[in-house]
1. Yes or no: GLY155 on the phi > 0 side of the Ramachandran plot, over 15 Å from the mean Cα position of the chain (by Cα) and either at pLDDT 95 or above or open to solvent by less than 30 Å² (accessible area, probe 1.4 Å) (or both)?
2. Counting only residues that are surrounded by fewer than 21 Cβ atoms within 10 Å (Cβ to Cβ) and among the basic types (Lys, Arg), which one in the range 15-57 is nearest to MET245 (Cα to Cα)?
3. Before we move on, is ILE222 in contact (Cβ under 8 Å) with a residue 12 or more places away in the chain and within 16 Å of LEU180 (Cβ to Cβ)?
4. How many residues does the range 213-247 hold that are part of a helix (DSSP H, G or I) and farther than 21 Å from ALA44 by Cα?
5. With GLU209, GLU199 as the choices, which residue is at pLDDT below 95, open to solvent by less than 40 Å² (accessible area, probe 1.4 Å), over 19 Å from the mean Cα position of the chain (by Cα) and charged (D, E, K, R)?
6. Do we have any residue at all in the range 171-183 that's more than 24 Å from GLU23 (Cβ to Cβ), surrounded by fewer than 19 Cβ atoms within 10 Å (Cβ to Cβ) and either modelled with pLDDT of 85 or more or of a type outside the set (Lys, Arg) (or both)?
7. Quick one: would you say PHE215 is at pLDDT below 95 and in contact with a helix residue (DSSP H, G or I) (Cβ under 9 Å, 6 or more places away or on another chain)?
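The values are calculated or read from the model by the stated rules, or taken from the named source; none is laboratory data. None of these values were measured; they are calculated from a predicted model. Note that we place each Cβ from the backbone using ideal geometry, even for glycine, and neighbour counts take in every protein chain shown. Please note that ligands, DNA and RNA were not included when accessible areas were found on the heavy atoms of the full protein model with its side chains. Shrake-Rupley method; radii C 1.70, N 1.55, O 1.52, S 1.80 Å.
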Amino acid sequence: MKKVGIALGGGGAKGLCHVLMLEVIDEFGIKPHRIAGTSIGAIAGVLYASGLSGKEIKENIEQMSLTEKDSFTDAFTKKDVFKWLQFIDIGWNDGGLLRADTFLDHLMETVKVTDFKELAIPLSVVAADFWKRNQVVFHTGDIRTAVHASMAIPGIFNPVVIDKQVLVDGGVVNPVPYDLVLDECDVTIAIDVMGNRTESADLVPSFSESIFNTFQIMQKTIFQQKIAVRAPDICITPDIVDIQMLEFYKAEEIFKQAQPAKDELRRKLEESLK
């Protein structure tokens, strides 16, 4: 049996589509040899490596998502969708606009493990050292700390400080960390969920668009340069369009846009495993 490694990239809410790709892995009856994740990819990686199936993760997400029939006000009145808003804690004095504590509490309650050694699948989580400007990889120790660091988008979520080391979102150094599984696996799958944006009518981006999309431009450039040096065996890039980084309640729309990529992964994986 070939050893399969999976790299789950960063991309905010667009990364919810990772669960569709994990469903394909389940369809083939594959237990990945290793998983590596950045930001939302680290979150999906922890959930999957803890023993949850792609289907189970997707069902949990769908309970907190709007459907096409829901109105904007449903985001504030629908019982399950309101959980997304409960994860938003203002944290002006913590180095970011939002705090991640409530979300991390929910994540750890879901996975029911606290240390990397308790995971069913070996996992590497990528963060970045803000002052030294280099990559930091977690694969041992406290899971909550690693995920918090990996998802700490500068200026949006508060950073993590460990022994005077300031850690932020891993996407600034390694947005799709497939290089962490390449040498140990026979088949490496990289999932790039950075997505695309449509030009605004007046071409000039808004303040929030400038912040978020500039971050995505940087990530895309890093990823393209990595592929030019050494590519993964399978690279899947779901065409997720006009989903902003924090629009997690739009899971149904994200899943719909990612379906062709799910089918593509199924075809490519079948070929690679022959």
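1. On the way: on the phi > 0 side of the Ramachandran plot: yes; over 15 Å from the mean Cα position of the chain (by Cα): yes; either at pLDDT 95 or above or open to solvent by less than 30 Å² (accessible area, probe 1.4 Å) (or both): no.
It is false that GLY155 is on the phi > 0 side of the Ramachandran plot, over 15 Å from the mean Cα position of the chain (by Cα) and either at pLDDT 95 or above or open to solvent by less than 30 Å² (accessible area, probe 1.4 Å) (or both).
2. LYS55
3. Working: in contact (Cβ under 8 Å) with a residue 12 or more places away in the chain: yes; within 16 Å of LEU180 (Cβ to Cβ): yes.
Taking the combined requirement at face value, the residue satisfies it.
4. 12
5. Working: GLU199 fails: open to solvent by less than 40 Å² (accessible area, probe 1.4 Å).
The unique qualifying residue is GLU209.
6. Yes: the range 171-183 contains one or more residues that are more than 24 Å from GLU23 (Cβ to Cβ), surrounded by fewer than 19 Cβ atoms within 10 Å (Cβ to Cβ) and either modelled with pLDDT of 85 or more or of a type outside the set (Lys, Arg) (or both).
7. On the way: at pLDDT below 95: yes; in contact with a helix residue (DSSP H, G or I) (Cβ under 9 Å, 6 or more places away or on another chain): yes.
It is true that PHE215 is at pLDDT below 95 and in contact with a helix residue (DSSP H, G or I) (Cβ under 9 Å, 6 or more places away or on another chain).
Okay, residues lined up against (1) under 22 Å from ASP169 (Cβ atoms); (2) open to solvent by less than 60 Å² (accessible area, probe 1.4 Å); (3) more than 20 Å from the chain's Cα centre (by Cα):
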site	(1), (2), (3)
VAL193	yes, yes, no
VAL204	no, no, yes
ASN213	yes, yes, no
GLN216	yes, yes, no
GLN224	yes, no, no
ALA228	no, no, yes
ASP239	no, no, no
LYS250	yes, yes, no
GLU271	no, no, yes
